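Novice: Once you've had a glance at the structure underneath, I'll fire off some questions.
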Amino acid sequence: MAEVSLKNIVKLYGDVRAVDGVSLDIHDKEFVTLVGPSGCGKTTTLHMIAGLIELDGGDILIGKNNVSELDPKDRDIAMVFQNYALYPHKSVRDNLMFPLRMRKIDKTTAEQRVNRASKILSIEQLLDRKPKQLSGGQQQRVALGRAIVRDPAVFLMDEPLSNLDAKLRVQMRTEIKHLQQELQATMIYVTHDQIEAMTMSDRIAVMDKGKVQQFGSPDELFNRPNNVFVAGFIGNPPMNLIPAQIVSEGGSKKLRMGQITYAPQTGRVHDLMNKAAGEKVIVGLRNTAIQMVAPGTAGSILTEVYTVEPTGDVTYVQTNIGDKMCTISSPDVAYRGRLGDPLSLRIDENRLYLFDDLSGKAIL
Amino acid sequence: MTRKQRKALHATVVYALIILLCLFALMPLLWMASTSFKTSSEQFVSPPRWIPQNPTLEHYAKIFFPTRISSGSFQIYFFNSLFISFMTTILALIVALPASYAFSRFSFPGKDAAYFAVLGRNMFPLIVFLIPLFSLMRILGWINTYTGLIVAYMTFTLPLAIWLLKGFFDGIPTELEKAGRIDGCTRFGAFMRLIVPLTASGMTAAGVNTFIQAWNEYGFARQLTESASMRTIPVGLAYFFTENTSDWGGLMASAFLFSVPVVILFMIIQRFFIAALTQGAVKQ
Ligand SMILES: Nc1ncnc2c1ncn2[C@@H]1O[C@H](COP(=O)(O)OP(=O)(O)OP(=O)(O)O)[C@@H](O)[C@H]1O
Ligand SMILES: [Mg+2]
């Protein structure tokens, strides 16, 4: 096992900066996830670490070695692909044996390792089948098996769960996490599903447009997003991001969101407003930071119900705040308001975020 | 009419049409076989007979042991055809395999133009290439040699083989080579160990097709060979007609023997061949 360092790596496709100066220091035995929307450069980054794509700039270190110029086979990595990439003409056993055979590991050791891996993944009964004769979930296990027999320094996984149905995905998510801890492996995992990222990772790198927007623990990303992009990407439902203007009325600063002019009560928010570079900002509020209160409560704002979405354990209410559709959680799960019902909302100012409208950066 | 009856009627009509088509295709072949066993006088009796009254092997004897010195014997033609077709197939596959892989997997400057040129070859009749090829072979000293013919045959066998194999490679996910390279192969190793085995049916399809094309070729073989000892069967067949004589018996006997290997080859791998063609066409 080993640590992995990406030092300002760059990949260009013509004018497209697919990976635009990514730097990450990944610790030994750490589970790191690259997450971001489609086309943000996750796969490209992973393939660069694997050596399948050449670097246009920067360096990659695995352990203490600079591997930037090495072939994939010499980097001591294993990879699981989204479509599994099992060798269709080989049996499951031969699929697992292949990486060992290529590395000239003697037969008895190789067989032991294959047996151990197939036991860990419970695929012992499948060893003599061809990949075509397996279900998606079984193929997935074999692909994991082919990675773990090698006992590599780093595991790379590119959306390994996206071809599975929802239920199996949740189950395999737990298994992969468990496997990583059992093997004490350094794991770099790619997904576009932020829930997968949140539940599995020690740390998450949120990517957009070829750049790392923020690298931190799930808690950090959720509670202290660096910028609007991270705030809107992490969390389900996503954070409500309301365009606002800082205005001065009667000697004190207020937030104007569409028709609503909101007078913050706490010193914290006033501090944030004072730090803002311009008057245009974005107010960030998680669904739980906006509470439904009794009509007429001091400091509350008035809106109307747009829709109510019961999900079972939580009931979400959609409403317009300053022309922006926002999602809030109702304190009463049984709440069933109808279109146009009046709502009184209180903002939890301790959990209010302000972002600069121009740069998108969090104002701290 | 019940549903069952309608089905039966439908089947009858379909089979009748199929049999008719088969007869249409087979008739010349059967007539050829029949004529090759008739004596020279029986060949022209009217009304024509399908079954020879006095079957004879004289024409077969004649083509294997010709009396005239100037004409080669059938076994020489047969060997030439077999050897040239076989070597053409091998060479075409050796060239087409990496070429089609490169067209399928790599991006390089001029790739589209090169691929267009390969396919574009099919837009011109082969005869257009005859004179330039003849001059070229003369310069190289390859007139009247096996090498000359085999290389000339690349002009029409390669485009199809490359196109066919590229379809196969396109259908194989690139992740397979990537997985192989991570598992310890070089790029070339991954190609040989993981990709080539998957194209076995594609290579069979391309190979059989190349063989048959080369086997049937006449124009190049006629112009690029000089001596009787270099003739292939199609060229040899033409020599059964001279200004004064036409030897129908010899022609039919030779033509019959000429078609046998192709028919046998096709019968053996027919199912494989069809599977291969459709597999290449339909991408997973
Ligand atoms: N071979 C290529 N040629 C040209 N552009 C490419 C190539 N591969 C990727 N790109 C571009 O690079 C960018 C990043 O692609 P990448 O595959 O890394 O995205 P991703 O984050 O993995 O997305 P997804 O979630 O859809 O898999 C995209 O804009 C893509 O169009
Ligand atoms: Mg991807």
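The values are calculated or read from the model by the stated rules, or taken from the named source; none is laboratory data. Just so you know, these numbers come straight off a predicted model, no measurement behind them. Cβ: placed from backbone, ideal geometry, glycine included. Neighbour counts: every protein chain shown.
Residues checked against (1) assigned to a loop (DSSP other than H, G, I, E, B); (2) exposed (fewer than 15 other Cβ atoms within 10 Å of the Cβ); (3) outside the structural domain of B:Arg105 (by TED's automatic domain parsing):
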{"residue": "B:Gly120", "(1), (2), (3)": "no, yes, no"}
{"residue": "B:Pro132", "(1), (2), (3)": "no, yes, no"}
{"residue": "B:Met137", "(1), (2), (3)": "no, no, no"}
{"residue": "B:Ile150", "(1), (2), (3)": "no, no, no"}
{"residue": "B:Phe156", "(1), (2), (3)": "no, no, no"}
{"residue": "B:Ile172", "(1), (2), (3)": "yes, no, no"}
{"residue": "B:Gly184", "(1), (2), (3)": "yes, no, no"}
{"residue": "B:Phe188", "(1), (2), (3)": "no, yes, no"}
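Novice: Consider only pairs whose beta carbons are under 8 Å apart and that are at least six residues apart or on different chains; among these, list those whose first residue lies in the range A:148-177 and is outside any strand (DSSP E or B) and whose second residue is more than 16 Å from ligand 1 (Cβ to nearest atom) and acidic (Asp, Glu).
Specialist: Every condition considered, the pairs that remain are A:Arg150/B:Asp183; A:Pro152/A:Asp76; A:Ala153/A:Asp76.
Novice: Right, something else. Does B:Phe211 satisfy the criteria of being surrounded by 17 or more Cβ atoms within 10 Å (Cβ to Cβ), in a helix (DSSP H, G or I) and either at pLDDT below 95 or at negative phi (or both)?
Specialist: Yes, satisfied.
Yes/no per residue for (1) more than 14 Å from chain B (Cβ to nearest Cβ); (2) in contact with a strand residue (DSSP E or B) (Cβ under 6 Å, 6 or more places away or on another chain); (3) more than 16 Å from ligand 1 (Cβ to nearest atom):
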residue: A:Leu156; (1), (2), (3): no, yes, no
residue: A:Leu161; (1), (2), (3): yes, no, no
residue: A:His192; (1), (2), (3): yes, no, no
residue: A:Ile195; (1), (2), (3): yes, no, no
residue: A:Met198; (1), (2), (3): yes, no, yes
residue: A:Arg203; (1), (2), (3): yes, yes, yes
residue: A:Val206; (1), (2), (3): yes, yes, no
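Novice: Sticking with this structure for a sec: Could you go through the range A:64-84 and let me know if any residue there is buried (at least 20 other Cβ atoms within 10 Å of the Cβ) and within 13 Å of ligand 1 (Cβ to nearest atom).
Specialist: Within the range A:64-84, one or more residues are buried (at least 20 other Cβ atoms within 10 Å of the Cβ) and within 13 Å of ligand 1 (Cβ to nearest atom).
Novice: Residues that are out of contact with any Ser or Thr (no Cβ under 6 Å at 6 or more places or on another chain), free of Cβ contacts under 8 Å to residues at least 12 places away in the same chain and more than 19 Å from A:Asn163 (Cβ to Cβ): does the range A:133-143 have at least one?
Specialist: no
Novice: Considering the range A:5-30 alone, what residues qualify as being under 19 Å from A:Ala197 (Cα atoms), away from ligand 2 (no atom under 16 Å from the Cβ) and buried (at least 21 other Cβ atoms within 10 Å of the Cβ)?
Specialist: A:Ile26
Novice: I've got another one for you. Are there any pairs with C-beta distances below 6 angstrom linking a residue in the range A:187-201 that is of a type in the set (Val, Ile, Thr) to a residue that is within 15 Å of ligand 1 (Cβ to nearest atom) and in a helix (DSSP H, G or I), with the two at least 6 apart or on different chains, and if so which?
Specialist: From the range A:187-201, the pairs are A:Val190/A:Lys42; A:Val190/A:Leu46; A:Thr191/A:Ala197.
Novice: Same structure again: Looking at A:Ser201, A:Ser162 in this structure, which one is closer than 19 Å to A:Gln82 by Cα, small (Gly, Ala, Ser) and more than 16 Å from ligand 2 (Cβ to nearest atom)?
Specialist: Matching residue, one of A:Ser201, A:Ser162: A:Ser201.
Novice: Scanning the range A:32-63 for residues that are assigned to a strand (DSSP E or B) and away from ligand 1 (no atom under 16 Å from the Cβ), which turns out farthest from the other protein chains (Cβ to nearest Cβ)?
Specialist: The extreme case among them is A:Asp59.
Novice: Across the range B:13-54, what is the number of residues that are surrounded by 12 or more Cβ atoms within 10 Å (Cβ to Cβ) and not in a helix (DSSP H, G or I)?
Specialist: Looking only at that region, the number is 7.
Novice: Only one of (1) over 10 Å from the mean Cα position of the chain (by Cα); (2) within 16 Å of ligand 1 (Cβ to nearest atom) fails for A:Ala185. Which number is that?
Specialist: Unmet condition: (2).
Novice: If you don't mind, another one. Any residue that is away from ligand 1 (no atom under 16 Å from the Cβ), away from chain B (no Cβ under 14 Å) and farther than 30 Å from B:Phe188 by Cβ - is there at least one of those in the range A:11-21?
Specialist: no
Novice: Going by the conditions given, is A:Val230 within 14 Å of chain B (Cβ to nearest Cβ), buried (at least 20 other Cβ atoms within 10 Å of the Cβ) and away from ligand 2 (no atom under 16 Å from the Cβ)?
Specialist: no
Novice: So is A:Leu96 modelled with pLDDT of 95 or more and either in contact with a Gly (Cβ under 6 Å, 6 or more places away or on another chain) or more than 9 Å from chain B (Cβ to nearest Cβ) (or both) or not?
Specialist: yes
Novice: For A:Leu144, which of the numbered conditions (1) crowded, with 18+ Cβ neighbours inside 10 Å; (2) at pLDDT below 95; (3) closer than 30 Å to A:Thr319 by Cα fails to hold?
Specialist: Evaluating A:Leu144 over (1) crowded, with 18+ Cβ neighbours inside 10 Å; (2) at pLDDT below 95; (3) closer than 30 Å to A:Thr319 by Cα leaves (3) as the failure.
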